[in-house]
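The next block holds one structure in the form of C-alpha coordinates; read it before the comments.
The values are calculated or read from the model by the stated rules, or taken from the named source; none is laboratory data. Remember, predicted model here, so these are calculated numbers, not experimental data. Cβ placement follows ideal geometry from the backbone for every residue including glycine, while neighbour counts extend to all protein chains displayed. Heads up: the accessible areas ignore ligands, DNA and RNA and are worked out on the full protein's heavy atoms, side chains in. Shrake-Rupley method; radii C 1.70, N 1.55, O 1.52, S 1.80 Å.
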Amino acid sequence: MEIERKYLIRKLPDQLQLDSYSLRIIEQGYLNTKPVIRIRKDNDKYELTYKSAGLMTREEYNLPLTKESYDHLLPKIDGRLIRKKRYMIPTTNNLTIELDIFEGDLAPLILAEVEFPDEHSANTFHAPAWFGEDVTFSGEYHNNNLSRRR
(Lines give C-alpha, C1' and ligand atoms only; values in the text may rest on other atoms or scores of the structure.)
Protein backbone atom coordinates (compact mmCIF):
# COMPACT_ATOMS: atom_id res chain seq x y z
CA MET A 1 0.00 0.00 0.00
CA GLU A 2 1.31 3.42 -0.94
CA ILE A 3 -0.03 6.43 0.96
CA GLU A 4 1.42 9.73 -0.19
CA ARG A 5 0.72 13.42 -0.48
CA LYS A 6 2.06 15.41 -3.43
CA TYR A 7 2.83 19.12 -3.67
CA LEU A 8 3.73 21.48 -6.47
CA ILE A 9 6.90 23.47 -5.69
CA ARG A 10 7.10 26.92 -7.27
CA LYS A 11 10.41 27.99 -5.73
CA LEU A 12 12.96 26.15 -3.63
CA PRO A 13 13.99 27.90 -0.42
CA ASP A 14 17.37 29.63 -0.67
CA GLN A 15 18.65 27.82 2.44
CA LEU A 16 17.90 24.35 1.01
CA GLN A 17 21.30 22.84 0.18
CA LEU A 18 20.36 20.01 -2.18
CA ASP A 19 23.92 18.67 -2.42
CA SER A 20 23.73 17.70 1.26
CA TYR A 21 20.95 15.14 0.59
CA SER A 22 20.91 11.72 -0.98
CA LEU A 23 20.35 11.93 -4.75
CA ARG A 24 18.64 9.36 -6.94
CA ILE A 25 18.73 9.64 -10.74
CA ILE A 26 15.46 8.22 -12.04
CA GLU A 27 14.09 7.47 -15.46
CA GLN A 28 10.75 5.80 -15.86
CA GLY A 29 8.27 4.93 -18.56
CA TYR A 30 4.79 3.49 -18.66
CA LEU A 31 3.81 0.30 -20.46
CA ASN A 32 0.21 0.93 -19.46
CA THR A 33 -1.62 3.70 -17.61
CA LYS A 34 -4.90 1.97 -16.61
CA PRO A 35 -3.82 0.06 -14.62
CA VAL A 36 -0.45 1.68 -14.15
CA ILE A 37 2.43 -0.57 -15.19
CA ARG A 38 5.75 1.23 -15.01
CA ILE A 39 9.39 0.40 -15.62
CA ARG A 40 11.98 2.37 -13.71
CA LYS A 41 15.72 2.79 -13.53
CA ASP A 42 16.63 4.22 -10.12
CA ASN A 43 20.39 4.79 -10.07
CA ASP A 44 21.56 1.23 -10.81
CA LYS A 45 18.35 -0.52 -9.71
CA TYR A 46 15.69 -1.63 -12.18
CA GLU A 47 12.08 -2.53 -11.44
CA LEU A 48 8.63 -3.13 -12.84
CA THR A 49 5.77 -1.60 -10.83
CA TYR A 50 2.02 -2.13 -10.80
CA LYS A 51 -0.14 0.59 -9.19
CA SER A 52 -3.87 0.43 -8.69
CA ALA A 53 -6.26 3.31 -9.30
CA GLY A 54 -6.45 5.97 -6.59
CA LEU A 55 -5.04 9.33 -5.59
CA MET A 56 -3.63 9.43 -2.05
CA THR A 57 -3.85 5.70 -1.32
CA ARG A 58 -3.02 3.01 -3.89
CA GLU A 59 -1.88 -0.58 -4.01
CA GLU A 60 1.67 -0.85 -5.30
CA TYR A 61 3.73 -3.90 -6.19
CA ASN A 62 7.39 -3.73 -7.23
CA LEU A 63 9.25 -6.49 -8.99
CA PRO A 64 12.98 -6.44 -9.69
CA LEU A 65 14.19 -6.29 -13.29
CA THR A 66 17.59 -6.86 -14.78
CA LYS A 67 19.18 -4.13 -16.87
CA GLU A 68 18.64 -6.34 -19.92
CA SER A 69 14.92 -6.71 -19.16
CA TYR A 70 14.59 -2.97 -18.62
CA ASP A 71 16.38 -2.23 -21.90
CA HIS A 72 14.10 -4.74 -23.68
CA LEU A 73 10.92 -3.09 -22.32
CA LEU A 74 12.06 0.51 -22.80
CA PRO A 75 11.09 0.79 -26.51
CA LYS A 76 7.60 -0.47 -25.61
CA ILE A 77 6.62 2.47 -23.35
CA ASP A 78 3.73 4.76 -24.24
CA GLY A 79 4.42 8.48 -24.10
CA ARG A 80 7.60 10.12 -22.90
CA LEU A 81 10.37 8.68 -20.80
CA ILE A 82 10.36 10.72 -17.60
CA ARG A 83 13.76 11.79 -16.28
CA LYS A 84 14.16 13.39 -12.89
CA LYS A 85 16.52 13.95 -10.01
CA ARG A 86 15.08 12.87 -6.68
CA TYR A 87 16.49 14.33 -3.48
CA MET A 88 15.67 12.48 -0.26
CA ILE A 89 15.15 15.09 2.47
CA PRO A 90 14.51 13.73 5.97
CA THR A 91 11.88 15.49 8.08
CA THR A 92 10.34 15.07 11.51
CA ASN A 93 8.35 11.98 12.53
CA ASN A 94 10.61 9.70 10.45
CA LEU A 95 9.13 11.05 7.22
CA THR A 96 11.07 11.86 4.06
CA ILE A 97 10.39 14.48 1.42
CA GLU A 98 11.07 13.05 -2.03
CA LEU A 99 11.86 16.17 -4.02
CA ASP A 100 11.59 15.51 -7.76
CA ILE A 101 13.21 17.95 -10.16
CA PHE A 102 12.09 17.00 -13.65
CA GLU A 103 14.36 17.23 -16.67
CA GLY A 104 13.84 17.46 -20.41
CA ASP A 105 10.52 18.76 -21.67
CA LEU A 106 8.93 18.50 -18.21
CA ALA A 107 11.42 21.01 -16.77
CA PRO A 108 11.13 23.23 -14.76
CA LEU A 109 8.48 21.12 -12.97
CA ILE A 110 9.29 20.37 -9.31
CA LEU A 111 7.13 18.14 -7.12
CA ALA A 112 7.50 17.02 -3.51
CA GLU A 113 6.03 13.75 -2.31
CA VAL A 114 5.79 12.53 1.25
CA GLU A 115 4.90 8.89 1.98
CA PHE A 116 3.07 7.97 5.18
CA PRO A 117 2.61 4.83 7.25
CA ASP A 118 -1.17 5.34 7.46
CA GLU A 119 -3.99 7.57 6.25
CA HIS A 120 -4.33 9.35 9.59
CA SER A 121 -0.72 10.56 9.35
CA ALA A 122 -1.31 11.69 5.77
CA ASN A 123 -4.50 13.54 6.66
CA THR A 124 -2.95 15.37 9.62
CA PHE A 125 0.33 16.28 7.89
CA HIS A 126 1.32 19.95 7.98
CA ALA A 127 3.41 20.75 4.94
CA PRO A 128 6.48 22.99 5.24
CA ALA A 129 5.87 26.63 4.32
CA TRP A 130 7.88 26.30 1.08
CA PHE A 131 5.54 23.63 -0.30
CA GLY A 132 3.11 24.98 -2.85
CA GLU A 133 -0.28 23.73 -3.89
CA ASP A 134 -1.36 20.32 -2.60
CA VAL A 135 -1.99 18.33 -5.80
CA THR A 136 -2.56 14.99 -4.08
CA PHE A 137 -6.15 14.74 -5.27
CA SER A 138 -5.40 15.88 -8.81
CA GLY A 139 -4.37 13.03 -11.06
CA GLU A 140 -2.79 15.64 -13.35
CA TYR A 141 0.52 15.35 -11.49
CA HIS A 142 0.70 11.57 -11.32
CA ASN A 143 3.76 10.53 -13.29
CA ASN A 144 1.72 8.23 -15.53
CA ASN A 145 -0.30 11.28 -16.63
CA LEU A 146 2.84 13.41 -16.97
CA SER A 147 4.20 10.77 -19.35
CA ARG A 148 1.35 11.57 -21.75
CA ARG A 149 1.02 15.33 -21.15
CA ARG A 150 1.89 17.64 -24.04
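Points to keep in mind about this one:
- For the chain, the pair-distance distribution built from all alpha carbon pairs, in bins 5 Å wide starting at 0, is 2, 9, 17, 23, 23, 16, 8, 3, 0 percent.
- Sorted largest first by accessible area at a 1.4 angstrom probe radius, with every protein chain in place, the residues Y141, Y61 fall in the order Y61, Y141.
- Cα lying deepest toward the dipole's positive end in the chain, options L23, H142, P90, charges on Cβ: H142
- Cβ-Cβ FRET estimate between L31 and K85, R0 fixed at 22 Å, reported to 0.05: 0.40
- Additional length obtainable on full extension of the chain from Y50 to D134, 0.36 nm per residue less Cα span: 27.8 nm
- Lysine pairs within the stretch 1-93, Cα separation less than 14 Å, 8 or more sequence positions apart or different chains: 5
- Binning all Cα-Cα separations of the stretch 65-113 at 10 Å, short to long from zero, yields these whole-percent fractions: 23, 32, 34, 10, 1.
- The charge dipole of the stretch 67-108, taken about its Cα centre with unit charges on the Cβ atoms of Lys, Arg (+1), Asp and Glu (-1) only, comes to about 60 debye.
- For the chain, the relative contact order is 32 percent, taking Cα pairs closer than 8 Å that sit 6 or more residues apart in sequence and dividing their mean separation by the residue count.
- Mean projection of the Cα convex hull over all viewing directions, computed for the stretch 32-85: 4.2 nm².
- The label point for T124 and the one for H72, both projected 7 Å from the Cα toward the Cβ, are 4.8 nm apart.
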